[in-house]
Each structure stands twice: as structure tokens, then as C-alpha cells.
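The values are calculated or read from the model by the stated rules, or taken from the named source; none is laboratory data. These figures come from a predicted structure and were not determined experimentally. Glycine also receives a Cβ, built like all others from the backbone with ideal geometry; neighbour counts cover every protein chain displayed. Quick note on the areas: whole protein, heavy atoms, side chains included, nothing else; ligands and nucleic acids left out. Shrake-Rupley method; radii C 1.70, N 1.55, O 1.52, S 1.80 Å.
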Amino acid sequence: MPQLRLLPRRVWAALLSQLLRPPCASSPGAVHCHSQVAEAVLIPQLKPHQDKPNFIIKTPKGTRDLSPQQMVVREKILDLVVSCFKRHGAKGLDTPAFELKEVLTEKYGDDSGLIYDLKDQGGELLSLRYDLTVPFARYLAMNKLKKMKRYHVGKVWRRESPTVVQGRYREFCQCDFDIAGQFDPMIPDAECLKIMCEILSGLQLGDFLIKVNDRRIMDGMFAVCGVPESKFRAIGSSIDKLDKMSWKDVRHEMVTTKGLAPEVADHIGDYVQCHGGVTLVEQMFQDPRLSQNKQALEGLEDLKLLFEYLTLFGISEKISFDLSLARGLDYYTGVIYEAILLQSPAQAGEEPLSMGSVAAGGRYDGLVGMFDPKGHNVPCVGLSIGVERIFSIVEQRMKTSGESVRTTETQVFVATPQKNFLQERLKLIAELWDAGIKAEMLYKNNPKLLTQLHYCENTGIPLVVIIGEQELKEGVIKLRSVASREEVAIKRENLVAEIQKRLSEA
């Protein structure tokens with residue numbers, strides 16, 4: 001039967017005007033005059049939905065659904081990340097999914113074109129958040145906060161060409177940790193790098209390396225090489241592509257597209273191909289050109305101190321001073337860092353993955369001041385974990401190994417072998433729920449026992465409690481182990497304690 005829908009007011013007016021006219025007796029078929037009018041007006045409104053022949057049901061480009069199995073894996077990753085953030089004393093924070101457009105503009109350099117703008121709904125121009133850092137800075141300025149250690153897990157949106165196989169999406173989750181406040185140099189920065197190491201080690205993704213640089217060193221390098229100050233950010237965004245492009249291609253872009261003199265590009269090439277540990281920091285102090293730049297020297301002093309703290313934390317061997325690291329976002333002002341997997345996590349039978357960075361961050365001392373009416377700055381440093389890329393690696397490993405995942409956490413199933421025991425099952429399962437035990441039952445009045453037991457085996461539920469006429473008469477409940485199929489009779493009043501004991505031993 002077609003669905004009735006509310007008719008627009010103009011349709012009702014036309015219909016009533018026709019129905020209120022005198023019968024058109026002079027014309028043949030006058031008897032059907034009113035009914036024809038009604039049919040002509042109503043039939044288009046009552047037509048059932050016509051399927052669009054070219055319509056394909058799918059998720060928008062660059063997005064995806066996560067199945068229950070995928071959600072289990074994702075939640076385990078997030079739990080590990082958040083527990084590390086909390087171990088370091090961070091407080092949770094959430095901000096709106098969209099911000100005023102002016103909050104986000106001019107904060108991301110060349111990437112500003114990737115911001116999703118929302119249609120004007122009458123009042124405010126809005127954009128979906130591009131990251132979690134700018135909203136955090138806005139929050140600090142708006143609430144006049146001078147000090148905060150926070151973590152934030154939330155979705156962000158970027159209008160870029162997605163590469164799903166590499167874990168790149170238009171909608172994705174970020175996990176951020178940031179320390180805001182005026183503190184002694186490099187202590188918070190060192191802790192951020194320590195957190196990054198703890199998380200990547202805990203996720204067991206394989207060996208990794210964290211590249212470190214400083215925006216002041218990079219800007220000093222540009223200055224001594226002869227890059228005009230107006231081109232610092234543009235050339236920096238080219239340098240940032242060195243993890244995806246060869247030096248030859250990057251040099252070509254700087255010279256041809258961005259108008260840099262070839263000899264200046266060659267001077268930059270001498271530096272950006274340098275990487276090492278604290279020894280390289282010492283060498284840069286002796287560099288005849290870089291040592292003459294005040295800004296670069298400040299960055300080198302901080303990096304030297306940073307490596308001292310990293311050595312005390314026991315992670316200096318995981319850190320590499322890399323002059324090619326640029327980090328394209330405009331708001332960075334000091335130390336920057338990026339974690340990469342040293343080797344492809346591909347194992348036997350797997351397709352090799354090229355995942356890019358799996359975590360990154362840096363210092364941004366001037367961002368909060370952009371939102372403060374008086375321009376008061378709050379120094380900040382933070383990191384972001386690339387959850388989507390990490391998830392892609394873990395998911396592919398599980399697929400290759402054939403590892404199965406339980407999608408529920410049910411501990412006990414309430415079953416019966418007999419008919420007309422729904423009321424007893426409901427009372428029993430309520431007792432388990434009230435005791436904090438995760439329990440399930442089939443939503444049928446008289447389910448077959450074999451069906452109930454098969455359900456437990458298929459979903460990985462470890463224990464079954466069985467109630468029937470005999471058990472009810474004797475005041476006991478049968479407790480069955482799904483794995484061993486052993487059954488024991490437990491007094492009803494001792495059932496909860498026995499289940500809790502078994503679960504604690506599992």
C-alpha cells in the first residue's frame with residue numbers, strides 16, 4: 001500500500017477549489033469529474049518511492065564504517081594510548097566538531113585548502129575542525145587558562161585525496177596529548193617524546209625511529225642559505241615532502257614552482273641530507289654558516305639539552321636529529337618531531353605497507369596568543385598519535401594470521417533445557433546483571449538447549465548457567481564450562497560468588 005504523505009498547502013487549495021465547484025453535468029462522464037480531479041492531484045503524492053537506477057549505497061569517499069570486529073581492535077589501541085596519557089597526568093577534554101571559520105583560517109599554511117567549510121545556515125560561518133590542536137589553543141584563550149596538561153580523542157576532517165591502503169582518510173580519529181604552560185626549557189618536550197616511545201613500544205608495531213628538528217634551526221638554515229624570509233614557509237612545505245619524494249624532485253619544485261635560485265637550493269641540500277644523534281648537534285655548533293645565526297643557535301642549545309633529558313629517560317637511541325624534518329603546519333615555533341616505522345611491518349605473506357609517520361608533534365608557543373585579545377601567549381608542546389595508520393597495520397597483521405576477535409564481552413549465558421522457563425531465566429539473568437556480571441540469553445520463550453549451547457561456542461562465551469525443573473526443585477543451578485563441557489551443581493545462593501571466582505581465575 002502506498003504511503004500517505006502530508007500534502008503541500010497549495011495542493012490542498014487546488015483540490016478543494018475543484019471539489020467545491022458544481023458538477024460539470026454538460027460534459028460526458030460528468031459523474032467522474034470530481035474523482036478525476038482528486039486522482040490527478042493525489043496520485044503523484046501517493047506514489048511509492050521509485051528506486052534510482054544509478055544509486056549505489058556506499059560510504060562517502062575517504063570515510064568508512066567500522067565493523068564490530070574492527071571496533072574491538074580499535075578500542076584496544078585507544079585504551080592503550082589513553083591509559084598512557086593518563087599515566088602522565090593528563091586530563092580529558094572535548095571540543096565541538098566544528099569551529100568558527102575564522103578560528104581555523106591562516107593556521108595551517110598550504111594545508112588550509114583542505115579545511116571543510118560548512119554551508120552558511122544564517123548567522124555564523126563554520127568549518128569542520130582540521131585537527132585538535134587549534135581548538136585546544138582556542139579553548140585556553142577563551143577560558144584564560146595559563147597551564148593545562150590534557151588529552152583529547154576525537155574525529156577530524158580533511159578534504160584531501162584519500163589513500164585508504166595507507167590509512168589516509170578524509171574523516172579520521174586523532175589522539176592528542178599537550179602540555180600548556182610556562183616551564184623550564186625542554187622538560188615537557190622530553191616527556192612528550194617519552195610518551196611517544198611508550199605508546200609505540202606498547203603497540204608492538206616493530207622498530208621505530210623518532211626524527212627531531214627545530215623550526216628555529218630550519219629557519220636559520222634557510223636564512224644562511226639565502227632563502228628570502230617571505231619564502232621560508234613555502235620552502236619548508238617543500239622540504240616536508242622529502243619522506244615521499246626524492247631530493248631531486250623536491251629541488252625541482254623549489255626552483256621551478258617556488259622560484260628559488262638553484263644555488264640556494266643546493267646549499268639547502270647540503271644540510272637536509274644530514275641526520276644523526278647528539279653528535280650531529282655538536283657538529284652544527286661548529287658549522288661556519290649556521291653558527292652565525294642567532295635563531296639557529298637557540299634551537300641547537302635546546303636540542304642539546306633535550307638529548308640530555310632523553311638520555312636520562314633511556315630513549316635517546318630512538319631519537320634522530322634530522323635536518324630534513326620540516327612539519328608543514330604554520331603554528332610550530334620550536335622543537336618538532338615525527339615517528340616512523342623503521343621497517344615495513346609486513347610479515348610472511350603480507351603486502352608491504354608504506355604508512356608514513358605514525359605519530360608527530362612539536363612546540364607551538366604563539367598559537368594561543370592568536371586568539372587572546374591582548375595577544376598573551378601560552379607556550380605549548382604536544383603530540384598526536386596516528387590511530388588510523390596504526391589500526392591499518394594491526395588489522396592487516398590479524399587478517400594474515402587469521403586471528404579471530406570476540407565482538408562481545410559476555411561472561412555468562414543463561415540457558416534452559418525445558419519449555420515455559422522464561423520467567424525463571426529472566427529472574428536469574430537480572431540477578432547476574434545486578435551483581436555486575438556480563439550476561440546474555442536468547443530472546444525466545446522456548447529455545448532449544450542445543451541452539452543455546454551452539455550460540456555460546458560461536459560467540460566465545462565461557463560459562464553457561466542452566467536452570468530447569470530438577471534444578472528449581474533442588475534449589476541449585478548447573479554451571480557449565482563451555483570449553484571443557486563440564487557441569488557442576490551450585491546452590492542458588494552461592495552462584496554469583498562461584499561465577500565471580502571462576503572469572504577472576506580465568
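Looking at the range 470-487, which of its residues are more than 16 Å from Q500 (Cβ to Cβ) and exposed (fewer than 14 other Cβ atoms within 10 Å of the Cβ)?
Q470, K473, E474, G475, A483, S484, R485, E486, E487
Taking the range 118-137 only, how many residues are part of a loop (DSSP other than H, G, I, E, B), of a type outside the set (D, E) and either on the phi < 0 side of the Ramachandran plot or in contact with a Cys (Cβ under 9 Å, 6 or more places away or on another chain) (or both)?
Of the residues in the range 118-137, 7 are part of a loop (DSSP other than H, G, I, E, B), of a type outside the set (D, E) and either on the phi < 0 side of the Ramachandran plot or in contact with a Cys (Cβ under 9 Å, 6 or more places away or on another chain) (or both).
Conditions tested, residue by residue: (1) in a helix (DSSP H, G or I); (2) under 24 Å from D330 (Cβ atoms); (3) in contact (Cβ under 8 Å) with a residue 40 or more places away in the chain; (4) hydroxyl-bearing (S, T, Y).
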| site | (1), (2), (3), (4) |
| --- | --- |
| K194 | yes, no, yes, no |
| S201 | yes, no, no, yes |
| L205 | no, no, yes, no |
| L209 | no, no, yes, no |
| E253 | yes, yes, no, no |
| L260 | no, yes, no, no |
| I268 | yes, yes, yes, no |
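Restricting attention to the range 281-301, and to residues there that are surrounded by fewer than 18 Cβ atoms within 10 Å (Cβ to Cβ) and touching a Phe, Trp or Tyr at 6+ places or on another chain (Cβ under 8 Å), which single residue is farthest from L325 (Cα to Cα)?
S291
Suppose the filter is at pLDDT 90 or above, closer than 30 Å to G113 by Cβ and part of a loop (DSSP other than H, G, I, E, B); does Y337 pass it?
no
A quick yes/no check of all residues on (1) within 18 Å of I336 (Cβ to Cβ); (2) open to solvent by 40 Å² or more (accessible area, probe 1.4 Å):
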| site | (1), (2) |
| --- | --- |
| F208 | yes, no |
| R216 | yes, yes |
| C225 | no, no |
| I235 | yes, no |
| W247 | no, yes |
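Here is a check on your reading of the model: is T63 under 30 Å from E409 (Cα atoms), surrounded by fewer than 14 Cβ atoms within 10 Å (Cβ to Cβ), at pLDDT 90 or above and not assigned by the TED database to the domain that holds Y364?
In short, no.
Only one of Q396, Q418, Q452 is assigned by the TED database to the domain that holds R170, surrounded by 14 or more Cβ atoms within 10 Å (Cβ to Cβ) and of a type outside the set (F, W, Y). Can you tell me which?
Criteria check complete, one pass: Q396.
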